Amino acid sequence: MNISDIRQHFPILDQQVNGKDLVYLDSGATSQKPLAVIDALSTYYKEYNSNVHRGVHTLGTRATDGYEGAREKVRRFIGAKSIQEIIFTRGATTALNIVAQSYGLTNVKEGDEIVITYMEHHANVIPWQQVAKITGATLKYIPLQEDGTIDLKDVEETITPNTKIVSVMHVSNVLGTINPIKEITEVAHKHGAVMVVDGCQSAPHMKVDVRDLDCDFFAFSAHKMCGPTGIGVLYGKKALLEKMEPVEFGGEMIDFVGLHESTWKELPWKFEAGTPIIAGAIGLGEAIDFLEKVGLDNIESHDRKLTKYAYEQLSQVDGLTIYGPSPEKRTGLVTFNIEDVHPHDVATVLDAEGIAVRAGHHCAQPLMKWLKVSATARASFYLYNTEQEVDKLVAGIKKTKEYFSNV
Ligand code: PLP
């Protein structure tokens, strides 16, 4: 599929915003959805809306097949060994909280260490702060290099025999940095710690193979990879998940319920209490089909090429600071500030040009502190974005600079 074929699948892109053709550069926050995903949700509700795992009636069987079929697609998509290792959650945030509450609170004690980095999203900071607070463990940060990358020497120095959990993002949602997860996992395992990966910004943009990474947990959200909101995935190695207790209890997750004691279903259902996110899972399965049809390799090379192009074009704009590493070490986005202009003003002027970018702290306040800024603007790219759109961004930024130099 070439780029204009791809764009045909995203009806939302074909509209004007503030009188200008929409340029959507905020896929890091949430991606747009192809028609196939929108239609899959609508077909489910129009034709076979039903609860799963319970009824023997035809609609219920069709819904169960759709829901469980999506689980198999996710398993294949990330290279997991078994569907028992694929837990549907409300999103990456919930997935990381399950690991923190179920694995963290049980396996971490006073004097132990939890290791993260300065670039983590709040979803991969606060759950660990809570575990540290409750258990008396220490939360440690792997320092960053000046260009916003991680040096393995620092990884070796930060992770010690007292470290029980290492939790690192695969790709930064602010810097775009692609982190050396496989190597960090090796260090974590050498010290007997488990490795948790926040894959929110990698799963949409590159082929992920959890067995190759050898991580113990991997979390991501469907809505950043062409799927619906409200559903995400927690991958966990079966041997670990089997030993973990659920964090939510109720219908769907039980095997037998007595008056004072109950037993749980087998994996992965023991972690999916209540009526699950049926339409969401079906939509996620459809999104995976779509991404695989385009080809993850093609998406990766497109996104990296476009990121490099944006980085190079923006580097030529005077008074603009770009955060994060050189293009070959990053994917998906460029984060920047214009001298003497608040990023919210940048985003407002760009919006008047029909260009959607994100401005703020990007749920990464520890990183903002490290960068010594309170906020930045971020343009993030996906499979439907073009070089012409990057050119419009650059023109919009020049206009912003001009506007604010006159006020
Ligand atoms: N981690 C990263 C790197 C993200 O970019 C995000 C979303 O912005 C999250 C975690 C949280 O994802 P969600 O809000 O879908 O749970």
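What follows draws every value from the coordinates through simple rules; no lab data is involved. These figures come from a predicted structure and were not determined experimentally. Cβ sites come from the backbone with ideal geometry, for glycine too, and all protein chains shown count toward neighbours.
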Estimated FRET transfer efficiency (I83, E186; beta-carbon r; R0 22 Å; 0.05):
0.25
Highest mean first, what order results for 201-208, 336-343 on Cβ atoms within 10 Å?
201-208, 336-343
Projected onto the charge dipole of the chain (+1 at Lys/Arg Cβ, -1 at Asp/Glu Cβ, origin at the Cα centre), which of F336, A137, N298 gives the Cα projection farthest towards the positive end?
A137
Between helix 126-135 and the chain: long-axis angle, C-alpha atoms, 0 to 90°, nearest 10:
50
With N residues in segment 306-361, what two-decimal value do you get for its Cα radius of gyration over 2.2 N^0.38 Å?
1.13
Show me, bin by bin at 5 Å from 0, the whole-percent P(r) of segment 250-377 based on Cα pairs.
2, 8, 11, 13, 12, 10, 10, 10, 8, 6, 5, 3, 1, 0, 0
Over all directions, what mean area does the Cα convex hull of segment 210-294 project, stated in square nanometres?
6.7
On a 0 to 90 degree scale, rounded to 10, what angle separates helix 181-190 from the longest Cα axis of the chain?
40
Any idea what the dipole of the chain comes to, in debye rounded to 20, about its Cα centre with Lys/Arg Cβ at +1 and Asp/Glu Cβ at -1?
380
Report the convex hull volume per residue for segment 27-162, counting only C-alpha atoms, in Å³.
167
Distance in nm between T275 and E156 label points, each 7 Å along Cα→Cβ, equals 5.5
Taking a crude spin-label model, label points 7 Å out from Cα along the C-beta direction, the H342 to E248 distance in nm is 3.7
Averaging the inverse of every distinct alpha carbon separation and then flipping it gives the Kirkwood radius. What is it for segment 1-43, in angstrom units?
11.6
Enter the angle in degrees (range 0 to 90, nearest 10) between the Cα long axis of helix 278-294 and the first principal axis of the Cα atoms of the chain, meaning the one along which they spread out most.
50
Return the ratio Rg/(2.2 N^0.38 Å) for segment 210-257, where Rg is computed over Cα atoms only.
1.44
If eta is 1.306 mPa s and T is 10 °C, what Stokes-Einstein diffusion coefficient results for the chain, Kirkwood Rh from Cα pairs, in µm²/s?
72
FRET efficiency (R76, K238; Cβ distance; R0 22 Å; to 0.05) is 0.85
At q = 0.14, 0.15, 0.21 Å⁻¹, what is the base-10 log of I(q)/I(0) for segment 361-407 according to the Debye formula with one equal point scatterer per Cα and no solvent? Please give it to two decimals.
-0.55, -0.61, -0.88
Please list, in chain and number order, the residues 5+ apart from T138 or on another chain whose amide H is under 5 Å from its amide H, with Hs placed from the backbone.
G111, D112, E113, I114
Nearest 20 debye, what's the magnitude of the dipole of segment 1-113 about its Cα centre given +1 on Lys and Arg Cβ and -1 on Asp and Glu Cβ?
300
For segment 99-211, what size does the Cα cloud have along each of its three principal axes, sorted from largest down, in whole Å?
37, 27, 26
Whole-Hz Karplus ³J(HN,Hα) for segment 56-68, in order, using 6.51 cos²θ - 1.76 cosθ + 1.60 and θ = phi - 60°, x for Gly and Pro?
9, 6, 4, 5, x, 5, 5, 5, 5, 4, x, 5, 6
Dipole magnitude of segment 285-358 about its Cα centre (Cβ charges: Lys, Arg +1; Asp, Glu -1), debye to nearest 20
240
Starting from the Cα of L59, step 7 Å toward the Cβ, then list every residue of segment 27-45 with an amide N under 15 Å from that point.
42-45
Residue among V125, L284, S167 farthest towards the positive dipole end of the chain, charges placed on Cβ:
L284
Listed residues P246, V194, V52: farthest to the positive end of the dipole of the chain (Cβ charges):
V52
If R₀ is 45 angstrom, what is the calculated FRET efficiency for the pair E47 and Y403, using the beta carbon separation as r and rounding to 0.05?
0.30
